[in-house]
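Before any comments, here is the structure.
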Amino acid sequence: MEPGRVEVAEDWPEPVPGPREVVVRMRGVGLCGSDLDVYHGRRKTPVLPWLMGHEGGGDIVAVGRGVTDRRVGQRVAIEPNYCCLDCPSCRAGRSSACSRRVVVGMDHPGLLAERVAVPARFTWPVPADWVDETLSCVEPVAVARSAVRRSRVEPGDRCLVVGAGSQGLFLCQALLAAGAAPVVVEPHPGRLALALRMGAAPAGDTPDETFRFVFEAAGAAGAVQTAIARAGPGATVTLVGLSPTPLPLTASQLVRRQLTLRGSLIYDHPADFPDTIAALARGELDPAQVVQPGFTPERAGEAFAGALQVPGKAWLDLSPWWRSPNGPAEDAP
Ligand SMILES: [Zn+2]
Ligand SMILES: [Zn+2]
């Protein structure tokens, strides 16, 4: 991919599993805001054209030397941030702040391929019957659940979620799963409708209400402004979106209102991914309520170009690459 241009490459090298790696045959890959930043030329990649994709999973088809706890045939979700596990942040349990973190799809080639080699410890087994769109959602759901975990929301708390793009929708689901009550600000009527259908309340009904917990999931300057404006005294404002704009807040406002501002970046290894998979397996969150119909690889360009307009999560259904021409080949790899 290059800014404004998506193509299926036919001559990509076949991955070989190195020591402690597995090769995963990909089934589904989600698109998110950071992918679209690359597509729209707002975020640089090491080279162009570039292999995108960081939200997805599939089936293990080969294991490298030294892999003892993964096997061929296992369905896995991929944790696409390879932390070093050795720096002070990693040792303190905050691998999201790892200084040597490798970000798949951004500074390491991505997952939008037939097969990819992945360090075994960053693949997480999921139930064998999981559908491809669920595999595409594990990563963004882990982002949402980690934000809720870090904010220390408790059951019964009314929480404002600013922005109901796919990350905001998953935040609503994660809050509902935590027993909290999400209230949503979203200008796009289709996205708002999706959030309400999942059980969130519209913030427009109580325009003067302030909140003890606020989540910003749009990454737009106006959304950050709304998030801070509607934070009540002593509130915790958790920012998930990546906006380049300075915060609309003076130090004295922060002190007088006794706000806690918290940035929440991705998730921490090793706990957040398997926790998220367990929560999805228990049915606490339902990605089917959030995903759009999948785009086939040939329609990848459309998926990238249109993802911002359509409510819900866009994802690429890679099954045409591995289904046999004579019908669905759920063959053991
Ligand atoms: Zn993402
Ligand atoms: Zn580290």
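The distance separating the Cα centre of region 35-87 from that of region 282-306 comes to 18 Å. Phi angles across region 106-117 convert, under the Karplus curve 6.51 cos²θ - 1.76 cosθ + 1.60 with θ = phi - 60°, into 3J(HN,Hα) values of 10, 10, 9, x, x, 9, 7, 9, 4, 9, 9, 8 Hz, Gly and Pro given as x. Specify which residue in the list G232, C32, F122 is farthest towards the positive end of the charge dipole of the chain, using unit charges on the beta carbon of Lys, Arg (+1) and Asp, Glu (-1), about the Cα centre. Toward the positive end, the furthest listed residue is G232. The three principal axes of the C-alpha atoms in region 152-238 carry coordinate ranges of 32, 28, 23 Å, sorted with the longest axis first.
Computed from the C-alpha gyration tensor, the three semi-axes of the ellipsoid equivalent to region 85-181 are 27, 20, 13 Å, from longest to shortest. Using a/c under 1.5 as the rounded threshold, could you call region 1-92 rounded, prolate or oblate? The axes a ≥ b ≥ c are square roots of the C-alpha gyration tensor eigenvalues, and prolate needs a/b larger than b/c, oblate otherwise. Verdict is oblate for region 1-92. Per residue, the accessible area of the chain comes to 45 Å² when a 1.4 Å probe rolls over the protein heavy atoms. The calculated 222 nm mean residue ellipticity attributable to helices in the chain amounts to -7500 deg cm²/dmol, summing -39500 (n - 2.57) over DSSP H runs of n ≥ 4 and dividing by all residues.
Here's how it looks for G56: its modeled amide H is under 5 Å from those of G30, I78, E139, which are all 5 or more places away or on a different chain. Computed on the chain, the Cα convex hull volume stands at 137 Å³ per residue. Between T296 and C87, the FRET efficiency from the beta-carbon distance, with R0 = 56 Å, is close to 0.90. Scaling against 2.2 N^0.38 Å puts the C-alpha radius of gyration of region 186-321 at 1.26.
Converting phi to 3J(HN,Hα) with the Karplus coefficients 6.51, -1.76 and 1.60 and the offset θ = phi - 60°, region 284-292 yields 5, 10, 10, x, 4, 6, 10, 7, 7 Hz in sequence order, with x at every glycine or proline. For the chain, the fraction of 1.4 Å probe accessible surface lying on carbon and sulfur atoms is 53 percent.
The values are calculated or read from the model by the stated rules, or taken from the named source; none is laboratory data. Just so it is clear, the model here is predicted, and its values are computed rather than measured. Note that we place each Cβ from the backbone using ideal geometry, even for glycine, and neighbour counts take in every protein chain shown. Just so you know, the surface numbers come from the protein's heavy atoms only, side chains and all, with ligands and any DNA or RNA stripped out. Shrake-Rupley method; radii C 1.70, N 1.55, O 1.52, S 1.80 Å.
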